[in-house]
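The structure under discussion appears below in the form of structure tokens.
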Amino acid sequence: MADPLPEVPQPSGATLISRELQLRIASGVVVGAIAFAVLYWGSGPFAILLGAIAAAMSWEWGRIVRGGDADIITALHIGTAVVAAGLAAFGMAGLAIAAVAIGAITASALAVGQLHATLTGAGVLYTGLPVIALEWLRSDDSFGLLAVLFVLIVVVVTDTAAYAAGRTLGGPKLWPAVSPNKTWAGLVGGVSAAAVAGVLFPYITGSGASAWLAALGLLLGLVAQAGDLAESALKRHFGRKDASDLIPGHGGFMDRMDGIVTASVAAALIALAVEAYQPARALLYGG
């Protein structure tokens with residue numbers, strides 16, 4: 001009987017990359033579908049989702065900055081984020097901001113004597129303010145759904161186009177000390193795609209002013225990329241690759257929400273400056 005043919009070793013690296021990519025796509029689709037369904041459902045369910053995400057990010061922040069899995073400051077951080085989501089859901093955005101400010105001051109006070117007390121307090125602002133911003137926009141009955149959807153689309157389009165342009169065109173690095181893979185080509189490609197998304201958004205949804213949303217998309221794309229870099233700088237400072245492993249193939253919620261954190265706060269501030277009583281309409285149509 002002849003000896004069996006020897007097994008040919010498979011390129012394990014390629015297989016691993018393929019599996020990681022499949023996992024990343026699958027988990028991304030699931031998370032995105034859940035987020036859109038809850039966003040469509042209404043401001044109340046959306047506030048619950050925001051509170052849950054902010055709670056996870058609060059835990060991740062404490063894990064990065066102070067080490068370990070939980071402490072009393074982490075409990076305060078999570079509690080503040082959940083309270084902020086609840087207050088915003090009931091139309092008390094101003095009180096929610098006050099709660100976040102008090103939580104940040106208290107967290108910093110509890111961390112006095114530790115090496116990163118200031119960052120501890122900043123983390124409460126980082127997770128609390130985006131929750132208030134997004135819920136405030138969503139609670140506008142007339143255009144809330146579309147306004148939040150626009151912010152999310154801009155961030156996703158910016159990230160996707162930046163990755164594609166960076167990988168395709170390459171070129172000089174944007175800030176290699178913080179994020180070795182980001183390039184200037186990626187930045188330009190990302191924010192340009194965000195502007196194009198702004199132009200197309202009114203034609204697809206029937207709401208919004210194209211010229212205004214093109215400029216707004218460009219600005220929010222830049223702000224989202226800044227948020228991405230800031231989160232990368234935080235992780236690099238503490239020697240972390242990912243905030244956690246809560247989302248398979250993506251890392252943690254902070255890793256996925258970094259651009260949304262900054263873009264949502266910027267969008268809310270712009271809407272506040274244009275028309276505080278109809279923030280979603282203000283965001284889509286401008287002055």
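Computed quantities for the displayed model
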{"read-out": "Long-range HN-HN contacts of Lys182 with modeled amide H, under 5 Å", "value": "Leu174, Trp175"}
{"read-out": "Cα centroid separation, segment 142-168 to segment 42-81 (Å)", "value": "24 Å"}
{"read-out": "Integer Hz, Karplus 6.51/-1.76/1.60 couplings in order for segment 136-149, x for Gly and Pro", "value": "4, 5, 5, 6, 6, 4, 6, 10, x, 4, 5, 5, 5, 4"}
{"read-out": "Segment 31-139: relative contact order in percent, alpha carbon pairs under 8 Å with at least 6 residues between", "value": "30 percent"}
{"read-out": "Sorted largest first, extent of segment 133-241 alpha carbons per principal axis (Å)", "value": "44, 30, 16"}
{"read-out": "Under the Debye formula (equal points on every Cα, no solvent term), log10 I(q)/I(0) of the chain at q = 0.10, 0.11 Å⁻¹", "value": "-0.55, -0.66"}
{"read-out": "Rotationally averaged projected area of segment 31-139 (alpha carbon convex hull; nm²)", "value": "6.2 nm²"}
{"read-out": "Rounded to the nearest 20 debye, dipole of the chain from Cβ charges on Lys, Arg, Asp, Glu", "value": "420 debye"}
{"read-out": "Positive-end residue, the chain charge dipole about Cα centroid, Cβ charges, pick of Val178, Leu49, Ala280", "value": "Val178"}
{"read-out": "For Ser232, Ser142, Ser43, order by how many other beta-carbon atoms lie within 10 Å, fewest first", "value": "Ser142, Ser232, Ser43"}
{"read-out": "Computed helical MRE - 222 nm, the chain, DSSP H runs ≥ 4 contributing -39500 (n - 2.57), nearest 500", "value": "-26000 deg cm²/dmol"}
{"read-out": "Cα extents of segment 180-251 along the three principal axes, largest first (Å)", "value": "44, 27, 15"}
{"read-out": "Relative contact order (percent, whole number), the chain, Cα cutoff 8 Å, 6+ residue spacing", "value": "18 percent"}
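Values in this text are rule-based calculations from the coordinates and carry no lab data. Keep in mind the model is a prediction, meaning the values are calculated, not measured. All Cβ positions, even for glycine, are placed from backbone atoms using ideal geometry, and neighbour counts span all protein chains on display.
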